[in-house]
Amino acid sequence: MASKGYATLAQVAAWYGAPLSAAQQTQATAWMPAAEALIDDATGVPYATGAITGERLGEPGPRYWLHCKPIVSLQAVRAYWYGLADPPITLQVTQDYQLDDPARGTLWVRPPFWYGYWGSRPWDYLQADYTPDPTVPALIAEATAYLLAAWTGYVATGGPSAGGGAILRRTVGDITVEYSAPPVADPTGGGLPPGVEQLLTPWRATVGLA
């Protein structure tokens, strides 16, 4: 599994509170894909995915939420209804749908004209082709770097009982995180350290997940 480039070693060292040794840089680089996967799992919104084709949207509508966000462009929306034969209906932008909020990935879709007659239902599901912004948000990058610094700290200090040393304070945007350096978290499955959650909480608000 290749790294998607969420964080740099310089960011990891900044959270670690000291320059990384050559061995620590090698280890942090090797851990990078796992850290990114854990952050993606925690947020539910992966970044640096490239274009998305055929994402299935199964909410009842008329408002739907695209999985990856923010959205750079929306190429196509196709509608499926189990009462109709293939192929699916390709919806027309403005007439049938519009991207309400690119930052939160909100899509509005007009119900089919027969909706409401004889007990009929709206579309059973949609498929969307779109391109999310490839830029990794600063809070996601810093959360990834903090997690890698904490894993590095776990190895360097011999485990969670050793704890950190100096109290450091770092500011990312409007968020200030105060922590004992190096931060310490078990890389074998100890969950997300509090500093990571502090960074992810305001990010969730920006994409409508808080």
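Name the one entry in Val177, Val172, Val136 that is more than 30 Å from Thr90 (Cβ to Cβ), modelled with pLDDT of 85 or more, in contact with a strand residue (DSSP E or B) (Cβ under 7 Å, 6 or more places away or on another chain) and β-branched (Val, Ile, Thr).
On the way: Val172 fails: in contact with a strand residue (DSSP E or B) (Cβ under 7 Å, 6 or more places away or on another chain); Val136 fails: in contact with a strand residue (DSSP E or B) (Cβ under 7 Å, 6 or more places away or on another chain).
Testing whether each residue is more than 30 Å from Thr90 (Cβ to Cβ), modelled with pLDDT of 85 or more, in contact with a strand residue (DSSP E or B) (Cβ under 7 Å, 6 or more places away or on another chain) and β-branched (Val, Ile, Thr) leaves just Val177.
Just the residues that are loosely packed, with under 11 Cβ neighbours inside 10 Å and of a type outside the set (S, T, N, Q), please, taken from segment 166-177.
Looking only at segment 166-177, we keep the residues that are loosely packed, with under 11 Cβ neighbours inside 10 Å, and these are 166-167, 169, 171, 174, 176.
Within segment 166-177, Ala166, Ile167, Arg169, Asp174 qualify.
Could you check, for segment 67-75, whether at least one of its residues is out of contact with any Lys or Arg (no Cβ under 9 Å at 6 or more places or on another chain), within 30 Å of Trp151 (Cα to Cα), modelled with pLDDT of 90 or more and surrounded by 14 or more Cβ atoms within 10 Å (Cβ to Cβ)?
Checked segment 67-75: at least one residue is out of contact with any Lys or Arg (no Cβ under 9 Å at 6 or more places or on another chain), within 30 Å of Trp151 (Cα to Cα), modelled with pLDDT of 90 or more and surrounded by 14 or more Cβ atoms within 10 Å (Cβ to Cβ).
Look at segment 27-56 and say how many of its residues are aliphatic (A, V, I, L, M) and more than 20 Å from Gly195 (Cα to Cα). Give the steps one after another, and end with the answer.
Here is the first cut: in segment 27-56, the ones aliphatic (A, V, I, L, M) are 28, 30, 32, 34-35, 37-39, 42, 45, 48, 51-52.
Okay, now just the ones that are also more than 20 Å from Gly195 (Cα to Cα), so 30, 48, 51-52.
Going through segment 27-56 one residue at a time, the tally reaches 4.
Condition test on Arg78, is it surrounded by 14 or more Cβ atoms within 10 Å (Cβ to Cβ) and assigned to a strand (DSSP E or B)? Show your work before the answer.
Details: surrounded by 14 or more Cβ atoms within 10 Å (Cβ to Cβ): yes; assigned to a strand (DSSP E or B): yes.
Considered against the rule, which asks whether it is surrounded by 14 or more Cβ atoms within 10 Å (Cβ to Cβ) and assigned to a strand (DSSP E or B), Arg78 comes out as yes.
Of these, Ala23, Ala37, Ala28, which one is surrounded by fewer than 17 Cβ atoms within 10 Å (Cβ to Cβ), of a type in the set (Gly, Ala, Ser), in the same structural domain as Ala141 (by TED's automatic domain parsing) and within 21 Å of Gly5 (Cβ to Cβ)? Can you show your working first?
Numbers: Ala23 fails: within 21 Å of Gly5 (Cβ to Cβ); Ala28 fails: surrounded by fewer than 17 Cβ atoms within 10 Å (Cβ to Cβ).
Of Ala23, Ala37, Ala28, the one residue that is surrounded by fewer than 17 Cβ atoms within 10 Å (Cβ to Cβ), of a type in the set (Gly, Ala, Ser), in the same structural domain as Ala141 (by TED's automatic domain parsing) and within 21 Å of Gly5 (Cβ to Cβ) is Ala37.
Of the residues in segment 26-53, how many are over 21 Å from Gly190 (Cα atoms) and in a helix (DSSP H, G or I)?
Summing the residues that are over 21 Å from Gly190 (Cα atoms) and in a helix (DSSP H, G or I) in segment 26-53 gives 1.
Being among the charged types (D, E, K, R) and farther than 17 Å from Ala42 by Cα is the filter here, so list the residues in segment 147-206 that pass it.
Keep residues of segment 147-206 that are among the charged types (D, E, K, R), which gives 169-170, 174, 178, 186, 197, 204.
Of everything in segment 147-206, those that are among the charged types (D, E, K, R) and farther than 17 Å from Ala42 by Cα turn out to be Arg169, Arg170, Asp174, Glu178.
For segment 80-133, which residues satisfy the criterion of being aliphatic (A, V, I, L, M), touching a strand residue (DSSP E or B) at 6+ places or on another chain (Cβ under 6 Å) and modelled with pLDDT of 90 or more? If you could, list the steps in order and put the result at the bottom.
Taking segment 80-133 first, the residues aliphatic (A, V, I, L, M) are 84-85, 89, 91, 93, 99, 103, 107, 109, 126, 128.
If we keep only those that are touching a strand residue (DSSP E or B) at 6+ places or on another chain (Cβ under 6 Å) as well, we get 89, 91, 99, 107, 109, 126, 128.
Hits for segment 80-133 are Leu91, Leu99, Leu107, Val109, Leu126, Ala128.
Do we have Ala7 as surrounded by fewer than 18 Cβ atoms within 10 Å (Cβ to Cβ) and either closer than 27 Å to Ile167 by Cβ or among the small types (Gly, Ala, Ser) (or both) here?
On the way: surrounded by fewer than 18 Cβ atoms within 10 Å (Cβ to Cβ): no; either closer than 27 Å to Ile167 by Cβ or among the small types (Gly, Ala, Ser) (or both): yes.
Here the answer is no, as Ala7 does not meet what is asked.
Within segment 40-58, can you find the residues that are in contact with a Cys (Cβ under 8 Å, 6 or more places away or on another chain), among the β-branched types (Val, Ile, Thr) and surrounded by fewer than 19 Cβ atoms within 10 Å (Cβ to Cβ)?
Thr49, Ile52
Rundown of residues vs (1) over 14 Å from Tyr125 (Cβ atoms); (2) touching a residue at least 12 places away in the same chain (Cβ under 8 Å); (3) assigned by TED's automatic domain parsing to the domain that holds Leu126, yes/no style:
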residue: Leu66; (1), (2), (3): no, yes, yes
residue: Lys69; (1), (2), (3): yes, yes, yes
residue: Gln75; (1), (2), (3): yes, yes, yes
residue: Gln92; (1), (2), (3): yes, no, yes
residue: Asp96; (1), (2), (3): yes, yes, yes
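If you go through segment 128-142 one residue at a time, how many are surrounded by 23 or more Cβ atoms within 10 Å (Cβ to Cβ) and among the hydrophobic types (A, V, I, L, M, F, W, C)?
Looking only at segment 128-142, we keep the residues that are surrounded by 23 or more Cβ atoms within 10 Å (Cβ to Cβ), and these are 128, 130, 132, 140, 142.
Narrowing the set further to residues that are among the hydrophobic types (A, V, I, L, M, F, W, C) leaves 128, 140.
Total meeting the criteria: 2.
The values are calculated or read from the model by the stated rules, or taken from the named source; none is laboratory data. In this text the structure is predicted, and so the values were computed from the model without any measurement. We place every Cβ from the backbone using ideal geometry, glycine too, and count neighbours over all the protein chains shown.
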